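Here is the structure we will look at, set down as structure tokens.
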Amino acid sequence: MKNTNNAWVPVSERLPESGERVIAYYWEEYDENEGYPTCVICTYYKAGDILENEMPYEERLKVARSKSTDAERVMSMLFKTRNVPAERDGFYFCDVNSEGLMEWRRHNDIITHWRRMPTRKEVEGFNTGEKAQNGLKSGVVK
């Protein structure tokens with residue numbers, strides 16, 4: 001079954017739902033007269049939505065020291081995040097900051113269109129559990 005909602009949508013007509021992961025299109029301009037089309041996978045968030053950024057080591061260490069069991073301390077060191085509200089509506093992607101930590105960053109380019117992520121069936125051509133005869137074998141595209 002095809003996803004009929006997978007066409008390119010101009011941002012002037014409609015925006016994705018908040019928290020929706022999409023493919024976004026923009027024109028990457030490298031000087032006044034030259035550029036190229038670019039797509040990026042990102043997530044649309046509304047201002048105030050909570051983004052989970054990786055917590056710096058010193059903060060994780062402080063949280064871990066406050067835990068009572070070894071297991072809690074280890075989990076705090078490995079997987080602790082800091083909740084940060086999105087400052088503005090926009091398309092965000094996860095990036096590495098100057099400290100080497102993963103954090104959400106708002107995409108600064110002018111995104112003109114977006115589309116929903118295709119389903120696995122659409123991409124791989126699955127038909128009732130078997131790959132369709134569309135040139136895909138063992139994950140290699142011919």
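Nothing in this text is a laboratory measurement; each read-out follows from the coordinates by a stated rule. All values derive from a computational prediction rather than experimental measurement. In this analysis, Cβ positions are derived from the backbone assuming ideal geometry, glycine residues included, and neighbour counts consider all displayed protein chains.
Between residue 29 and residue 123, the distance separating the two model label sites (each 7 Å from Cα on the Cα→Cβ line) works out to 3.2 nm.
FRET efficiency for the residue 36 to residue 108 pair, using the beta carbon distance and R₀ = 22 Å, is estimated at 0.85.
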